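**Q** I have a structure I would like to understand better, so I am pasting it below and will then ask my questions one at a time.
The values are calculated or read from the model by the stated rules, or taken from the named source; none is laboratory data. Since we're looking at a predicted model, the values are computed, not measured. Cβ coordinates were reconstructed from backbone atoms using ideal geometry, including for glycine residues, and neighbour counts include every protein chain displayed. For the accessible areas, the whole protein counts, side chains as well, though only heavy atoms, and no ligand, DNA or RNA atoms are used. Shrake-Rupley method; radii C 1.70, N 1.55, O 1.52, S 1.80 Å.
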Amino acid sequence: MANIPKVPKIPKKASESKASKGFIYFLIGLALLFGIYSLNDGDKSNIERVPISQVVQEVKQDQVKKIQDDKGNLTVELRDGKKQKTQIGSGQSVTTLLKDYGVDPAKVETLDVVESTDASMWVNIILSILPFAVIGFFLYFMMKQAQGSNNQAMMFGKSKARLFGPDKKKVTFADVAGVEEAKQELNEIVDFLKNPKKFTDLGAKIPKGVLMVGLPGTGKTLLSRAVAGEAGVPFFSISGSEFVEMFVGVGASRVRDLFQRAKKNAPCIIFIDEIDAVGRQRGAGLGGSHDEREQTLNQILVEMDGFEQDTNVIVMAATNRPDVLDPALLRPGRFDRRVVLDAPDLKSRVSILEVHAKGKPLEKDVDLEEIAKHTPGFSGADLANLVNEAAILAGRRNLKKVSQSELTEAVEKVLLGPERKSHILSPKEKEITAYHEAGHAIVGHLLPHCDKVHKVSVVSRGQAGGYTWSIPDEDKYMHSKVDFEDQIAMMLGGRIAEKVIYGADNVTTGAENDLRQATKLARKMVVEYGMSEKMGARVFGHKEEMVFLGRELGEHTKDYSEATANKIDDEVTRIIGEGIRKAEKIIKDHTEKLKTISKELLEKEILNAAEFEKIMGGPKKVAA
Ligand code: ADP
Ligand code: ZN
């Protein structure tokens, strides 16, 4: 079975600053100038230099066609096309000079004398200014940098809240699917924001804080924005972790600043994401960061208590750990309203898929309900991602519309990571993988409490060499002891198949993740679910919340003796042992089927449910 790693998204950063771009242009300009200068220099050196007296002679003999005067540098063009150069004192006029040398004034008048300001003169000017320009530029550049960091230092106390104005791409309740109860709860808030007077006239207190509780991606942020959108008010959004930075005292002043801005913009909503980053129980911290957190938290409480009766600002905060929040936050008059967002059920998943499929052209064969059935446990964000991946896939295939096959493939991609066709296994490794996956599949198929096998594959995906994908017929919220026992046997089915085919000495590392998961589940059965007859229906140990430098350490603390610990270990080993026995019996009884399936897998790489069930001789018999 495959491990499902969550891949963090790395935000792209714009790296090129305008200043450095400007500097590059400046250098290019400089290089060009030098180029022009040396070119100019080059063609001058080809021309013959003559004394001024020779030029006077030539003028007298009528040989000169044209004289170009560039600040005393004369270029003389003769009638036969030859060119000469000579020099006179700059500031001197050529015509006066010629007359002084005794050339007939009438002749001088007819002479074509051009006072030119050619490129080289400009180059001279620029070159003389250049050093100053370069120094000036660097000074300016450095000052700007210094100023920038200065500004940043001054900004520390300011909140970094992002403002979504009422006019900016409005999100409404229609954009949030499948959370009807939550919407009903929040309708009241929308009413308050739209028409506060209606309530204050009756002496009703306007709610101040709403706590949105739910796992990541269940739409807490989206729904809060929708409240602002429905009421047509601004939405200030900040994350709890942004309050707390390296510098002490920053958090509290950011809170002050944020609330001030919000009050100026009332009616409005302040949204604090991950409130647990600042709102943990006070005194729960280890190390330096907790003081800062406490100050920030206190400031939030002070601000919320300080709202006037008619301050129409509502603070919405999101968390998935309401249990760790400081009770002071939850007192009446603070975050006393709670809206819980569950992982979406089948019906909600269909409607979330519909919301996100809107605006994307779909093929007629698309059956969103089918997709919803295959995605138990997916959050709203996962589903949004799925639809997007499907559209990308369709784009890569140059299709005009998204069809069911892209959607199905996107489910697997979101679940297991992208296919890695380039991850080449040797033929031997491929064969082992095929037996391994066939082992999972057969055990899963034949044990009544396992989910139905949906697909078996030996194409690498994410970290898995191959995978067996099974899906329950309907969403399950409760699991029984037999479910877990069968599940553990199925997890071990891969390793057992390897053992039966290749012998106990040749089993591979491919089963590492299976073994880890099976052991974890067995241990949970004993210490958390009270599912061991021998140990009794009780919980062992408790999870202690500790915060060290802002990081959470979910520590399992023992509240039992070493002797009990030994017994727990024995029980875990026993449960695993039973799973192994169960799997081994099935595999040994069905070795022929195992061989057929792995052979098919090596040929086709993927077996779907129908193909698999055909080999197994019929559909899965599920437990009543
Ligand atoms: P949270 O704040 O709970 O972590 P978000 O509100 O940021 O989750 O949700 C992330 C994305 O997931 C949303 O932008 C939206 O595209 C999608 N999403 C989540 N829940 C829903 C829902 N109920 N209906 C439609 N889209 C949803
Ligand atoms: Zn496996």
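**Q** Zone of residue 502 (label point 7 Å along Cα→Cβ, backbone N under 16 Å): which residues in segment 430-450?
**A** Inside the label zone: 430-440.
**Q** With r defined as the distance between the Cβ atoms of residue 610 and residue 188 and R0 fixed at 51 Å, what FRET efficiency is calculated, to the nearest 0.05?
**A** 0.50
**Q** Could you derive backbone 3J(HN,Hα) for segment 96-107 from the dihedral phi with the Karplus parameters 6.51, -1.76 and 1.60 (θ = phi - 60°), listing whole Hz in sequence and x where the residue is Gly or Pro?
**A** The phi angles translate into 4, 4, 4, 4, 4, 6, x, 7, 4, x, 4, 5 Hz.
**Q** Enumerate the amide H contacts of residue 452 below 5 Å, restricted to partners 5 or more residues apart or on another chain; note that Pro and chain-start residues carry no placed amide H.
**A** For residue 452, the qualifying residues are 471, 473.
**Q** Compute the FRET efficiency between residue 542 and residue 324 as 1/(1 + (r/R0)^6), taking r as their Cβ-Cβ distance and R0 = 22 Å, and round to the nearest 0.05.
**A** Efficiency computed from Cβ-Cβ geometry: 0.95.
**Q** Sticking with this structure for a sec: Counting only residues 5 or more places away or on other chains, whose amide H sits under 5 Å from the amide H of residue 337 once H atoms are built in the peptide plane?
**A** The list, which skips near neighbours in sequence, is 209, 211.
**Q** Between residue 342 and residue 201, what is the label-to-label distance in nm when each label sits 7 Å out along the Cα-to-Cβ direction?
**A** In this crude spin-label approximation the distance works out to 3.9 nm.
**Q** Shifting gears a bit: Roughly how many debye, to the nearest 20, is the charge dipole of segment 162-341 about its Cα centre, given +1 on each Lys and Arg Cβ, -1 on each Asp and Glu Cβ, and no other charges? Write out the running numbers ahead of the final one.
**A** Values: 25 positive and 25 negative charges, 75 e Å.
So the dipole magnitude of segment 162-341 works out to roughly 360 debye.
**Q** What length, rounded to one decimal in nm, is gained on full extension from residue 90 through to residue 397, with 0.36 nm per residue of separation minus their alpha-carbon distance?
**A** Gain on extension, residue 90 to residue 397, equals 103.1 nm.
**Q** If you don't mind, another one. Would you kindly work out the equivalent ellipsoid of segment 165-271 from its C-alpha gyration tensor and give its semi-axes, the square roots of five times the eigenvalues, largest first in whole Å? Walk me through the numbers before you get to the answer.
**A** Details: eigenvalues 118, 74, 34 Å².
Each semi-axis is the square root of five times an eigenvalue, giving 24, 19, 13 Å.
**Q** Another question, if that's okay. With respect to the cross-link table entries 208/520; 197/220; 400/604, which display a Cα-Cα separation exceeding 32 Å?
**A** 208/520
**Q** Keeping all protein chains in place, calculate the accessible area per residue for segment 427-616 (probe 1.4 angstrom), answer in Å².
**A** That works out to 51 Å² per residue.
**Q** Turning to a different aspect of this structure: If you roll a 1.4 Å probe over segment 346-415 with all protein chains in place, what percent of the accessible area is carbon or sulfur?
**A** Answer for segment 346-415 is 51 percent, counting heavy atoms of protein chains only.
**Q** Hey, rough spin-label estimate for residue 113 and residue 561, points 7 angstrom out along Cα→Cβ, what's it come to in nanometres?
**A** Spacing of the two 7 Å Cα→Cβ label points: 12.1 nm.
**Q** In whole percent, how big is the carbon plus sulfur part of the accessible area of segment 427-616, probe 1.4 Å, protein atoms only?
**A** Numbers: 5000 of 9730 Å².
Whole-percent figure for carbon plus sulfur exposure: 51.
**Q** Rg and Dmax of segment 435-475, using alpha carbons, in Å: what are they?
**A** According to the Cα coordinates of segment 435-475, Rg and Dmax are 10.6, 30 Å.
**Q** Something else now. Mind checking the per residue accessible area of segment 162-341 for me, 1.4 Å probe, whole number of Å²?
**A** Result: 44 Å² per residue.
**Q** Find, to one decimal place in angstroms, the Kirkwood hydrodynamic radius of segment 427-616, where the mean of 1/r is taken over every pair of different Cα atoms and then inverted.
**A** 17.9
**Q** Which shape class applies to segment 346-415: rounded if a/c is under 1.5, otherwise prolate when a/b exceeds b/c and oblate if not, where a ≥ b ≥ c are the square roots of the Cα gyration tensor eigenvalues?
**A** Verdict is prolate for segment 346-415.
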